Amino acid sequence: MTTTPAAEEVHGTRTDREIAAADAYSAHNYHPLPVVVASAEGAWMTDVEGRRYLDMLAGYSALNFGHGNPRLIAAAKAQLDRVTLTSRAFHHDRFGQFCRELAELCGMEAVLPMNTGAEAVETAVKTARKWGYRVKGVPDGRARIVVAANNFHGRTTTVISFSTDPEARADYGPYTPGFDVVPYGDLAALEAVLDANGDDTVAVLLEPIQGEAGVLVPPPGYLAGVRALTRERGVLFIADEIQSGLGRTGRTFACEHEDVAPDVYVLGKALGGGVVPVSAVVSSREVLGVFRPGEHGSTFGGNPLACAVGLEVVDMLRSGEYQARAAELGAHLHGELALLVGGGAVTQVRGRGLWAGVDIDPALGTGREISERLLARGVLVKDTHGSTIRLAPPLVISKDDLDWSLTQLREVLAAG
């Protein structure tokens with residue numbers, strides 16, 4: 001057997017050895033920061049060398065409730081002792097309760113559970129097309145879905161077919177047809193496409209806040225305008241709240257900031273509490289009622305362990321405690337970040353709640369370089385699109401820890 005240099009014995013720290021093993025035996029689809037996490041609790045992580053880091057990313061919102069949240073771990077452990085998987089060939093005693101309580105949290109009527117966010121988006125696309133043919137009466141094969149430029153809805157072949165990010169899209173064709181891309185935040189462009197498509201548009205699929213694009217918040221009134229246009233034209237409004245939902249922005253859903261209720265919520269990440277992958281499409285009985293047995297499914301979707309954890313997440317959100325915490329600490333976060341703009345280091349800050357995109361002056365370094373400098377100070381963030389870094393700490397972070405992370409950021413920027 002041929003052994004690559006990376007797979008040979010590596011001397012140095014345990015971190016070096018773990019990273020070398022990962023490089024040697026895994027596909028290089030990610031470029032992680034050079035830290036190897038061994039344990040975590042709350043908002044803090046500890047690496048294999050015993051160094052501690054403040055997690056300011058929270059698994060892209062999958063860890064809204066922090067690492068090892070006692071309520072979520074207890075719910076998972078209790079279910080592990082009972083039953084973890086039945087497949088949907090049989091009923092189990094957590095499924096109905098999970099679907100009912102999640103539907104109620106969303107103000108909806110029905111739930112279709114899946115596993116990952118990308119699966120849920122694919123499910124929403126299939127739902128919209130089937131609804132268009134069976135309910136709206138669109139001629140077969142003509143259904144169209146309108147999406148926004150700079151979107152990020154996942155990595156599957158259909159989803160990347162309507163991505164405008166060359167890195168996510170290149171070399172994966174031929175691409176799935178049936179999508180129209182319009183500029184994010186541009187109601188006039190959306191209306192023009194709806195006019196051009198006649199009655200063939202079945203849905204508008206949007207992130208209420210575009211996370212991967214740099215935490216882009218649309219102009220005031222945009223979501224309300226989308227809601228009005230889609231209702232007027234008989235088109236489904238699908239809100240991808242996989243990152244923005246479940247407390248991140250200071251409300252249960254980011255759409256609530258404009259008092260908007262979409263026709264369909266796409267949920268994931270925090271729904272699994274950072275314990276197991278859980279996602280769902282949540283809508284009305286009319287919309288999700290288009291599926292008949294055998295037309296769509298998932299072996300693990302809605303499994304007992306996922307439902308037990310998801311139920312605990314729903315119960316935690318029902319109190320409003322985490323939403324209020326995100327709103328309060330988020331206001332403080334954005335107030336402090338705003339002070340950095342205009343001083344030559346930060347050019348713009350965007351976001352809502354405990355979620356921010358910070359554009360660093362490229363003269364100071366790329367987003368990756370800034371992330372590495374923060375890593376050296378014990379703060380974990382992630383870059384996106386050049387010189388932008390994202391801040392999205394667990395909602396359980398303390399104000400003191402949040403302030404400490406901001407001090408580290410200020411000092412990194414001041415050091416140039």
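Here, each number is a calculation from the coordinates, and none is a lab measurement. Because the structure is predicted, anything quoted here is derived from the model rather than measured. In this analysis, Cβ positions are derived from the backbone assuming ideal geometry, glycine residues included, and neighbour counts consider all displayed protein chains.
Go over the candidates 206, 246, 216 one by one and state the one that is out of contact with any helix residue (DSSP H, G or I) (no Cβ under 9 Å at 6 or more places or on another chain) and under 25 Å from residue 57 (Cα atoms).
Being out of contact with any helix residue (DSSP H, G or I) (no Cβ under 9 Å at 6 or more places or on another chain) and under 25 Å from residue 57 (Cα atoms) holds for just one of 206, 246, 216, which is 216.
Can you tell me which residues in segment 113-140 are within 23 Å of residue 261 (Cβ to Cβ), among the hydrophobic types (A, V, I, L, M, F, W, C) and surrounded by fewer than 24 Cβ atoms within 10 Å (Cβ to Cβ)?
135
Working carefully through the options 92, 28, find the one that is of a type outside the set (Gly, Ala, Ser), surrounded by 14 or more Cβ atoms within 10 Å (Cβ to Cβ) and not in a strand (DSSP E or B).
Selected residue: 92, the only one of 92, 28 that is of a type outside the set (Gly, Ala, Ser), surrounded by 14 or more Cβ atoms within 10 Å (Cβ to Cβ) and not in a strand (DSSP E or B).
Quick check on segment 148-158. Is at least one of its residues surrounded by 15 or more Cβ atoms within 10 Å (Cβ to Cβ) and more than 28 Å from residue 111 (Cβ to Cβ)?
Yes, because at least one residue in segment 148-158 is surrounded by 15 or more Cβ atoms within 10 Å (Cβ to Cβ) and more than 28 Å from residue 111 (Cβ to Cβ).
Any idea which residue in segment 260-301 is surrounded by the most Cβ atoms within 10 Å (Cβ to Cβ), counting only those that are out of contact with any strand residue (DSSP E or B) (no Cβ under 9 Å at 6 or more places or on another chain) and among the β-branched types (Val, Ile, Thr)?
275
Which of the residues belonging to segment 209-240 are in contact with a Leu (Cβ under 6 Å, 6 or more places away or on another chain) and buried (at least 24 other Cβ atoms within 10 Å of the Cβ)?
The answer is 210, 238.
Yes/no per residue for (1) exposed (fewer than 15 other Cβ atoms within 10 Å of the Cβ); (2) of a type in the set (A, V, I, L, M, F, W, C):
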{"position": "303", "(1), (2)": "no, no"}
{"position": "308", "(1), (2)": "no, yes"}
{"position": "314", "(1), (2)": "no, yes"}
{"position": "319", "(1), (2)": "yes, no"}
{"position": "328", "(1), (2)": "yes, no"}
{"position": "331", "(1), (2)": "yes, yes"}
{"position": "347", "(1), (2)": "no, no"}
{"position": "356", "(1), (2)": "no, yes"}
{"position": "363", "(1), (2)": "yes, yes"}
